[in-house]
Structures are given as structure tokens and as C-alpha cells.
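S.K.: Quick one: the structure is below, questions incoming.
The values are calculated or read from the model by the stated rules, or taken from the named source; none is laboratory data. The model shown is predicted, which means the values in this text are computed figures rather than measured ones. Cβ placement follows ideal geometry from the backbone for every residue including glycine, while neighbour counts extend to all protein chains displayed.
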Amino acid sequence: MDGTTLGRTSLLCTLLLWAFQVCSGGVTVNVTPKVEVLKGETAKLPCTYTVSPTPSNTVVEWYIEEHDTRKRVAFSQGGEGKSDAGTLLSGRVTIGEDFSLTITSVQPSDELVFYCQVTAGLSGVGDAATMLKVFFAPEKPELTKPSSQAISVGETISSEIGTCVTMNGHPQPRIIWFKDDQPLPEVKDRKEKTNMISSVVKEASGLSTVKSTLYMQPKKADKDSVFQCTVEYSMPGDQIKQKKSDPITLNLNYPSEKATFSLLNTDPIKEGDVVTMKCETDGNPQPEFDFTKDGKAIAGQGGLLLLKSVKRTEGGVYKCTATDFDNLDADLSGTITLSVNYIDPVNVTPAEPQVVKLGDNVEWQCKTKASAGHTVQWKKGSEVLSQDGMLSIQEVSYDKAGEYMCVGAVPSVPGLTAQASVNLTVKGKPMIEAPVIGVVGMEGDTVTLKCAVYGFPVPQFTWKPSGKESVSVRGNKAVSALTLQATAEVMKDGVTCEVSNEYGTDSKTFLVSLKRAIDSADRADKQQGGSSGVVIAVVVCVLLLLLMVALIYFLNKKSKLPCSKKDKKEVATGEVNNDIVVEMKTDKANEEAGLLNKRPSTEQ
């Protein structure tokens, strides 16, 4: 092999070796395929790479794709990152030491494909794409009804039901219509009876406003239907969320098919009540109504017939009739038979006030009539005295004087009553109630005494001694209140109240005492009551002791007791076992004198 051939062979080998090194090397770039972020927040797009063999100089660049053309927004070379001017992201984008791209205040317009490109000299060039997704929840949808008049059932063209608008959402949200909580199929063909017309407006902010209008040919059954719209939108993490509008109902016009005439009063009707009758149909709007009573026309107000302070003569058959020109064949009428309960005024015999003498008899009779079964009661205050309409009082006393009431009632009709009253006056000699002791703090104080007396005619009062007096009269009872000074004479003798009328007289003395004296007497009574048991116990013990002494004396007198010295000796020697031995002195006279407090007898 000559030198030329050897040189060429060496050069070829060198070229082959270089080509092998280049082909066997390369650049691998790793990114996150999709990054999700909310509008206004910060997005971070990571980028890592591997290069083999390791180059001496590597450049990392971030690009966006606009109109099928890549445009660089940031790059890093030699460990220094910079952003490019004049781009969509200028001022909001930085590249970090880890080559990640950070975007602040993300906007919907930033939703682009981002490329991370790595250039590594002879090792080559590599890149990878990241999709940035931006999200923003739309506002609550607003549902409004058309400003036009009510919708008529039976129209041949579809009518506007409502318009739903949701604003500022991204990505573009979707509107779904609901009727009675059931979703309506989305129909865009205007030839269909139910259809929706939608539109989208892209705001300057990049957010979307969506509007949808619902059209229908409603039926009468839809008069109570509830309509709503819901906005459905996407959020990060493949979340699907919804927001509901406020509900609306339809204002439908539809013909009447039947009428209802009803009495609104729930309790039985009685004279004096306000009676309300209501006539209505199942159509909308309500037609005109005509009212009659027993065939004669009467005036109502709309569908209401009002009877104020109804009388028994207003009972009868009432009828309402409606005329609906959209359905003239329908029978739109109803009737009510009204019954008015009543009770006649109570008749009392004798009706005039009665004045009788003390001890006489008196009698009344009470009658009435009513539309239903009724009761008649005589009452004085809350006390029922008679249930049959007759009231008889024998041997009248002063406490029987006063007002008596006869009450007629219909139990089956609450509140239906009638009543009348009579007054009884009892005349006779005056009778003073038991006097009450007057109390003062000290002698010389002022005291007020009250003398209460029954009698008619009203008796004359005379106080001894006298003072400032006032008299009040209620029925057969008169009360005289006397105010005077509690002098020593008053404290000693008391004050006398004398009363008299044409039938006789009566008098009572009122005592006046010091308050502390009364309190001391009360305490003494309490102490005496508390110690009475102790006193009784002491007395019983003394009596038993005296009885025992007397018994011992009697037995000693009869020589029944072992009181001699011999007996005492036997006791001392223990010959008397379990018997009780009582030693008595032989000086019986002294004993008797000591125990019974008597002188010694000379006969002994």
C-alpha cells in the first residue's frame, strides 16, 4: 500500500468515526403535556432535557405558536435566562434556572401551545410541546321572562318562554334548560314546537357570554310548570360544574271549563257575621261573574260576594254565573244555600228592678226563641243559679242583692247568645260587719277605721268620737271610713260606729292598739304554743311523784314494808335476792311532816 492510499484510508476512517459519534448522540426534551390554571393566577411550565455526549454550550428556548408560526418568548444560555420583547407574554414571563417557564397573571389569550426547544451543538436539537389551559367560572345565569303579555294556549306558533344569560366564562360554557326539574332536549330547529336559540359573545377580556332563548307552544297543563336554566362549565382536573338560575313560571291564558262557588266562612253563620262567598273558574284570566239570590240579581265585586252584618232574612239560595267567550259551551255556574242562625232578645218577667224586704221571696222568668236548640241560664257573676229559665230566691238576705243575668245561647253555633239583666235590692235594718282592730305605731298617730254595713235604704253613720269621714256605697253595702288621732281616750275606750235607717239601728266598737303590743301578744301566743308540751310533761311528772309518795306512806302505815333493823340486816346479808327493798325511817311523824308537809301527830 503506497503513501497516498494510506492517507486516503486514514482520512476515511476519521470521517467515519466522526459520523458515528454524531449519529450515536442526541437531545431528549421532557415537558408536562398539559398545564391547567385559573385566570389571573400564575402558571409554571417545567422543561428538562438530556444530551449525549455532553456539549460545551447548550441553549434552551421557549416558543409559542401563532398562526402556524413559532415565536420565541424566552431563552436561557450559559446559565442566564432572558425574555423576548414584543411578544404576547412580554413583561409576564420568566425562565428559571431549571429552564421552567413562569407566566404571571394568566389570561384566556395565553391558552396556546408552548414549545421547549434545546440546541446542543453537534449533539443536535430537540423539543417538546406543552398545552396551557386557562379556566374561569361564569357568573350565575340570569333568567328573564319576555316583556310582552301573557302567552295564550292554542297558538300555532311557538312563544318565547324566557331568556337565559350567563356572563364571563372560559372555556365557553353551555346552557341547559329545565322544566319541572327535568332537562329539555337541545333543539336548534326553529320549526320544532320547542326549540332554543343560542348566541355567544367573546368579550375583550377573552371570556365568553352565552345567551339562550327558549320557545314553546305551552298547554294548559303548563300553567303551574317551573322553568330554570343551568350553566354547565369546565374547571381544572376535568371537573364539570353547574350553576342554576332562579325559577320562573308562565303567565298563561287558557279558557275556563268549570266554575266553583264556595263559602269562605268556616264556622256556622249567625246574625251579625260578615259572610264571604267566592266564585272562580279554572281559566285564566277570570271572566265576568253575575250573582243572584233566590233568582234576583245582586251586586258582587269581581268574584267575591260580601254580606256585612248578615241578617236572618238574608238566608236563601245564592248562585254565581260566569261567561267565558273563549268557551261559550261550558256550564260555568255554582250555587250555595245560606242558613243564618239567630236568637231572639231575652224576655225577663218582671223586667223592672226588684226591691224586697229582708227575708222576703222573689222570682223571675226568662224566655227566648232561636233557630236551633238553645239553653237559658240564670247567673250571678260566674255562678250558674238556674238552667230552666226560672229563678226563685227564698228568704232573701243582703248577700243576695245585686245584678242577675239571664243568658240564652245556641250551643251548636259558637258565640250566638242573647242576654238581659235585672237588679235586686234588699231593704231592711242595717247590719255592721265584724270590726277590724286599728293599729298605730304610737299614741297620737293617725288611724283610719272602716265601718262596713249592709242595709237599705242607705243608713246614716255616727262615729263617737268623730273625725274626718268619707262614705262609699255599692249596692246594699255602704262603707264609712273615719280618720282620727289615736288619743289616750281612743286607745282606752275605742271608737263606736252607729248606723240607722227607717228599719232599725246597729252599732259596733272598733278598738285601736299599738303595733308593738299586738306583735308582743303574737310572740307570746307562739311561745306559749311552743312550750305547752313541756308544761304538760312537768305537771304529769309532779302528779306521778306525789302519787308514789302517798302509796309509800300508806304501805308503811299498814306495816307492809320491811323497814325494821332486822329487815335491813337481812338485806345486807343478801338473803333477799332480787326483791326491791325500800328503807324507811321509824320516825313516821317526821316523815309525814317532811313528805306531806304536815305537823307530827301527838297520838303517836
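S.K.: For the range 73-87, indicate whether the set of residues that are within 30 Å of residue 175 (Cα to Cα) and crowded, with 20+ Cβ neighbours inside 10 Å is non-empty. Even if it seems obvious, please write down each step before you answer.
M.R.: Just the residues of the range 73-87 that are within 30 Å of residue 175 (Cα to Cα), to begin with: none.
Checked the range 73-87: no residue is within 30 Å of residue 175 (Cα to Cα) and crowded, with 20+ Cβ neighbours inside 10 Å.
S.K.: Then there's this: Just the residues that are of a type outside the set (Ser, Thr, Tyr), more than 30 Å from residue 312 (Cβ to Cβ) and either without any contact (Cβ under 8 Å) to a residue 24 or more places away in the chain or surrounded by fewer than 18 Cβ atoms within 10 Å (Cβ to Cβ) (or both), please, taken from the range 414-428. So that I can check it myself, show each step before the final result.
M.R.: Keep residues of the range 414-428 that are of a type outside the set (Ser, Thr, Tyr), which gives 414-416, 418-420, 422-424, 426-428.
Restricting the remaining residues to those that are more than 30 Å from residue 312 (Cβ to Cβ) gives 423-424, 426-428.
Residue satisfying the conditions is 423 alone.
S.K.: Among the residues that make up the range 186-197, is at least one of them buried (at least 18 other Cβ atoms within 10 Å of the Cβ) and outside the structural domain of residue 57 (by TED's automatic domain parsing)? Walk me through how you get there before you give the answer.
M.R.: First, pick out the residues of the range 186-197 that are buried (at least 18 other Cβ atoms within 10 Å of the Cβ): 195-196.
Keeping just the survivors that are outside the structural domain of residue 57 (by TED's automatic domain parsing) gives 195-196.
Checked the range 186-197: at least one residue is buried (at least 18 other Cβ atoms within 10 Å of the Cβ) and outside the structural domain of residue 57 (by TED's automatic domain parsing).
S.K.: Ok, one more. Do we find that residue 65 is exposed (fewer than 13 other Cβ atoms within 10 Å of the Cβ), more than 30 Å from residue 249 (Cα to Cα) and without any contact (Cβ under 8 Å) to a residue 60 or more places away in the chain in this structure?
M.R.: Working: exposed (fewer than 13 other Cβ atoms within 10 Å of the Cβ): no; more than 30 Å from residue 249 (Cα to Cα): yes; without any contact (Cβ under 8 Å) to a residue 60 or more places away in the chain: yes.
Criteria not met by residue 65.
S.K.: Next question, about the same structure. May I ask you to verify whether residue 394 is surrounded by fewer than 19 Cβ atoms within 10 Å (Cβ to Cβ) and within 44 Å of the chain's Cα centre (by Cα)?
M.R.: The answer is no for residue 394.
S.K.: At pLDDT below 95, at negative phi and in contact with a helix residue (DSSP H, G or I) (Cβ under 8 Å, 6 or more places away or on another chain) - does that describe any residue in the range 257-267?
M.R.: Among the residues of the range 257-267, not one is at pLDDT below 95, at negative phi and in contact with a helix residue (DSSP H, G or I) (Cβ under 8 Å, 6 or more places away or on another chain), which makes the answer no.
S.K.: Let me ask something else. Would you mind stating whether residue 134 is outside any strand (DSSP E or B) and in contact (Cβ under 8 Å) with a residue 60 or more places away in the chain?
M.R.: Numbers: outside any strand (DSSP E or B): no; in contact (Cβ under 8 Å) with a residue 60 or more places away in the chain: yes.
It is false that residue 134 is outside any strand (DSSP E or B) and in contact (Cβ under 8 Å) with a residue 60 or more places away in the chain.
S.K.: For residue 192, are the conditions met, namely being in a loop (DSSP other than H, G, I, E, B) and modelled with pLDDT of 95 or more?
M.R.: Details: in a loop (DSSP other than H, G, I, E, B): yes; modelled with pLDDT of 95 or more: no.
In short, no.
S.K.: Right, here's the next one. Would you call residue 466 in a loop (DSSP other than H, G, I, E, B), small (Gly, Ala, Ser) and either at pLDDT below 95 or loosely packed, with under 13 Cβ neighbours inside 10 Å (or both)?
M.R.: Numbers: in a loop (DSSP other than H, G, I, E, B): yes; small (Gly, Ala, Ser): yes; either at pLDDT below 95 or loosely packed, with under 13 Cβ neighbours inside 10 Å (or both): yes.
Taking the combined requirement at face value, the residue satisfies it.
S.K.: Could I ask something else about it? For the range 469-502, name all the residues that are under 29 Å from residue 422 (Cβ atoms) and of a type outside the set (Ser, Thr, Tyr).
M.R.: Residues satisfying the conditions are 471, 473, 474, 475, 476, 477, 478, 479, 499, 501, 502.
S.K.: Restricting attention to the range 38-54, which residues are surrounded by fewer than 17 Cβ atoms within 10 Å (Cβ to Cβ) and either not assigned by TED's automatic domain parsing to the domain that holds residue 107 or not in a strand (DSSP E or B) (or both)?
M.R.: Answer for the range 38-54, where residues must be surrounded by fewer than 17 Cβ atoms within 10 Å (Cβ to Cβ) and either not assigned by TED's automatic domain parsing to the domain that holds residue 107 or not in a strand (DSSP E or B) (or both): 40, 41, 42, 46, 53, 54.
S.K.: Select from the range 231-260 the residues that are surrounded by 19 or more Cβ atoms within 10 Å (Cβ to Cβ) and either part of a loop (DSSP other than H, G, I, E, B) or within 36 Å of the chain's Cα centre (by Cα) (or both) and list them in ascending order. Talk me through it step by step, then tell me what you get.
M.R.: Residues of the range 231-260 surrounded by 19 or more Cβ atoms within 10 Å (Cβ to Cβ): 231, 233-234, 245, 250, 252, 254-256, 259.
Those that are surrounded by 19 or more Cβ atoms within 10 Å (Cβ to Cβ) and either part of a loop (DSSP other than H, G, I, E, B) or within 36 Å of the chain's Cα centre (by Cα) (or both): 245, 250, 255, 256.
S.K.: Then there's this: Could you say whether any residue in the range 130-143 is in contact with a helix residue (DSSP H, G or I) (Cβ under 6 Å, 6 or more places away or on another chain), under 30 Å from residue 72 (Cβ atoms) and β-branched (Val, Ile, Thr)?
M.R.: Yes, because at least one residue in the range 130-143 is in contact with a helix residue (DSSP H, G or I) (Cβ under 6 Å, 6 or more places away or on another chain), under 30 Å from residue 72 (Cβ atoms) and β-branched (Val, Ile, Thr).
S.K.: Going through the range 397-413 one residue at a time, which ones are exposed (fewer than 13 other Cβ atoms within 10 Å of the Cβ) and either at positive phi or modelled with pLDDT under 95 (or both)?
M.R.: Step one: of the range 397-413, the residues exposed (fewer than 13 other Cβ atoms within 10 Å of the Cβ) are 399, 411.
Once the filter is applied, which keeps residues that are exposed (fewer than 13 other Cβ atoms within 10 Å of the Cβ) and either at positive phi or modelled with pLDDT under 95 (or both), the range 397-413 yields only 399.
S.K.: Using the structure shown, decide if residue 438 is within 30 Å of residue 484 (Cα to Cα), crowded, with 19+ Cβ neighbours inside 10 Å, in contact (Cβ under 8 Å) with a residue 24 or more places away in the chain and not hydrophobic (A, V, I, L, M, F, W, C). Give the derivation first.
M.R.: On the way: within 30 Å of residue 484 (Cα to Cα): yes; crowded, with 19+ Cβ neighbours inside 10 Å: yes; in contact (Cβ under 8 Å) with a residue 24 or more places away in the chain: yes; not hydrophobic (A, V, I, L, M, F, W, C): yes.
For residue 438, the condition - within 30 Å of residue 484 (Cα to Cα), crowded, with 19+ Cβ neighbours inside 10 Å, in contact (Cβ under 8 Å) with a residue 24 or more places away in the chain and not hydrophobic (A, V, I, L, M, F, W, C) - is met.
S.K.: Among 175, 157, which is the only one that is in a loop (DSSP other than H, G, I, E, B) and not polar (S, T, N, Q)?
M.R.: Working: 175 fails: in a loop (DSSP other than H, G, I, E, B).
Every option except 157 fails the conditions.
S.K.: In the range 121-138, is there at least one residue being of a type in the set (D, E, K, R) and more than 30 Å from residue 59 (Cα to Cα)? Quick ask: steps written out before the conclusion?
M.R.: To start, the set of residues in the range 121-138 that are of a type in the set (D, E, K, R) comprises 127, 133.
Still in the running and more than 30 Å from residue 59 (Cα to Cα): none.
Looking for residues that are of a type in the set (D, E, K, R) and more than 30 Å from residue 59 (Cα to Cα), one finds none in the range 121-138, hence no.
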